[in-house]
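K.L.:
My questions will all concern the structure given below.
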Amino acid sequence: MKTKIIFKWFLLLAICGLFPLSSSLAQAGHWYGAATYQVSFPTGDTKDFISDPSWRGFGLDFRYGVKKDITVGFVTGWNIFYEQVQGTTQLETDPPGAITSLSNRYINFVPVMLNAHYYMGERGQYRPYIGLCAGGYYVDQEIQIGIADIINDSWEWGVAPELGVVIPVDRTWGIIFAAKYNFLFTKETVFSGTQLEKDITNGYWGIQVGVAWQSY
Amino acid sequence: MNKTSIKMFLRKGFIFLLFLSASVIVLQSCYPYDNLTPEDTDVVITFYDSGTNFSSLVTYALPDTIYAFGNNGDIVPNEDISSSSANSILNSIKSNMQEMGYEEFSGNPSDADVLVIALANSSSWVSGGCYYSYWSYWYPYYGWCYPVAYTYTVGSVFIVMLDPAKTGGDNKAVWFAGCNGVLSTTNASNQSRINSDISQAFTQSPYLRGSK
């Protein structure tokens, strides 16, 4: 239900931003925008902490055409991962042990990145593209166990290769689909000073759907 | 870029900001909020000495007193705990020790293979927070709230298994269990949770059984 509400908000506000535009992405000297709803799937150490996919996420993308078929720009967004886990965790500490509890786990990713994209196809047609984002992520990782709430926030560097397609709807806007793998290569020590201290490398897949438009 | 383009761009920028603000608020309102019950706060943690051969430990002595941590960190008899709660804790430990293959030793405790001590403590906590009304969402993220304070009591039960042959600083625990949670308003519920948590402490420590 809440996901539907987010999606409705997203579409409503994104469509409100569509003013007279020209139709095709990647013309030199023009700004482009994209607003997307995102579903994300954790991988690696992120999946070890939270295995459930994230249904809460959005992205904002701004691109500037520097050459025919090439844009550069920046991207931001917000992805919330959450999982409630009940179970026993073995503690590889000295002395060794185990802990049983209900835990609420969260990770918030807020990417702030530069990007570059190359578009294939012709104006007015489907425009598949490939791209690469590089920059930083604000990461807020949290675990609630019993009455304890342990929060770890950090800034991590990463890259995100991207594959997508823009489908023109009319002269003014189009639908955008994309898949992006977010790889945060900064190894981060989380929950320092606790029994849960661990070095992790975060990563997740983001599947995006939204609208794209172009300025005059 | 001409004037019309600039106006269009600014207009879109405004829409973007509006969109961003709305998304932040919507996502925040969808942030998974946890309405924890007292039971949800229960935590059972155990540690053990990996150098101990638990197979060789068969008999145990359990004093019929529940202890507590004193103001100076000393271990003193707990005079606040009710006899029913104390008996419930001791009986739960005994039944789980028996389940693990241990035999209660009735002689001099220092002659038993292990000495088991139970401790119980409670403490009151005050925590602050924010209450958000519908109107709060007219304000930016975390911009407005009514401050509220919560008071709750946390109860803890500790079980320590010691080697009675060692004394003083050498008296290292061979097994430690801590059960912790926010107390509910009914004693029956709290006692049930304590028994359940003590059983969980033994369940997650299968090495206690050894080859017994």
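K.L.:
Taking the Cβ-Cβ separation of B:ASP64 and A:VAL165 as r and a Förster radius of 56 Å, what is the calculated FRET efficiency to the nearest 0.05?
P.N.:
The computed FRET efficiency comes out at 0.15.
K.L.:
What does the extension gain come out to for B:LYS94 and B:LEU36, with contour length at 0.36 nm per residue minus their alpha carbon separation?
P.N.:
Using 0.36 nm per residue and subtracting the Cα-Cα distance, I get 17.8 nm.
K.L.:
Sorting B:SER110, B:SER184 on the 10 Å Cβ count, fewest up front, what's the list?
P.N.:
B:SER110, B:SER184
K.L.:
For a quick check: sort A:HIS117, A:HIS30 by the number of other beta carbons within 10 angstrom, fewest at the front.
P.N.:
A:HIS30, A:HIS117
K.L.:
Per residue of B:180-187, what is the mean number of Cβ atoms on other protein chains within 10 angstrom of that residue's Cβ? Write down the numbers at each step before the final one.
P.N.:
On the way: counts 5, 3, 2, 0, 0, 0, 0, 0.
So the per-residue partner count for this stretch is 1.
K.L.:
Take the Cβ-Cβ distance between A:TYR126 and A:LYS187 as r, set R0 to 30 Å, and report the resulting FRET efficiency rounded to the nearest 0.05. List each step's numbers first, then the result.
P.N.:
Details: r = 39 Å, r/R0 = 1.31.
So the FRET efficiency works out to roughly 0.15.
K.L.:
Now a separate question. Tell me the mean residue ellipticity at 222 nm calculated for chain A from its helices only (DSSP H runs of n ≥ 4, each -39500 (n - 2.57), averaged over every residue, nearest 500).
P.N.:
Rounded to the nearest 500, it is -3000 deg cm²/dmol.
K.L.:
If you don't mind, there's one more thing I want to ask. For A:CYS133, B:CYS179, which order do you get if you count the other beta carbons within 10 Å of each Cβ and list the fewest first?
P.N.:
A:CYS133, B:CYS179
K.L.:
To continue, here is another question. Give the average, rounded to an integer, of partner chain Cβ atoms located within 10 angstrom of each Cβ in B:43-55. Don't skip to the answer; put the middle values down first.
P.N.:
Numbers: counts 9, 6, 10, 8, 9, 4, 2, 4, 1, 1, 0, 0, 0.
The shielding value for this peptide is 4.
K.L.:
Averaging the inverse of every distinct alpha carbon separation and then flipping it gives the Kirkwood radius. What is it for the range A:87-216, in angstrom units?
P.N.:
Computed over Cα pairs of the range A:87-216, the Kirkwood hydrodynamic radius comes out at 17.6 Å.
K.L.:
Per residue of A:97-107, count partner chain C-beta atoms within 10 Å of its C-beta, then hand back the mean as an integer.
P.N.:
The mean count of partner-chain Cβ atoms within 10 Å per residue comes to 6.
K.L.:
Once both axes come from the Cα atoms, what is the angle between helix A:2-16 and the longest principal axis of chain A, in degrees from 0 to 90, rounded to 10?
P.N.:
30 degrees
K.L.:
Using r as the Cβ-Cβ distance of A:VAL39 and B:SER196, and R0 as 51 Å, what FRET efficiency do you calculate, to the nearest 0.05?
P.N.:
Plugging the Cβ-Cβ distance into 1/(1 + (r/R0)^6) gives 0.85.
K.L.:
Something else about it: How would you classify the range A:131-186 from its alpha-carbon gyration tensor, with a ≥ b ≥ c the square roots of the eigenvalues: rounded for a/c under 1.5, else prolate if a/b is greater than b/c, otherwise oblate?
P.N.:
Working: a/c = 4.04, a/b = 2.21, b/c = 1.83.
Prolate is the answer for the range A:131-186, as a/c is 1.5 or above and a/b outweighs b/c.
K.L.:
Under 8 Å for C-alpha pairs, at least 6 residues apart: give me the relative contact order for the range A:2-214, rounded to a whole percent. Provide the component values of the computation, followed by the final result.
P.N.:
Values: 587 pairs, mean separation 48.0, N = 213.
Across the range A:2-214, relative contact order equals 23 percent.
Throughout, read-outs are computed from the coordinates displayed, never taken from laboratory work. Since the model is a prediction, treat every value here as computed from it, not as a measurement. Heads up, the Cβs are rebuilt from the backbone with ideal geometry, glycines too, and the neighbour counts pull from every protein chain shown.
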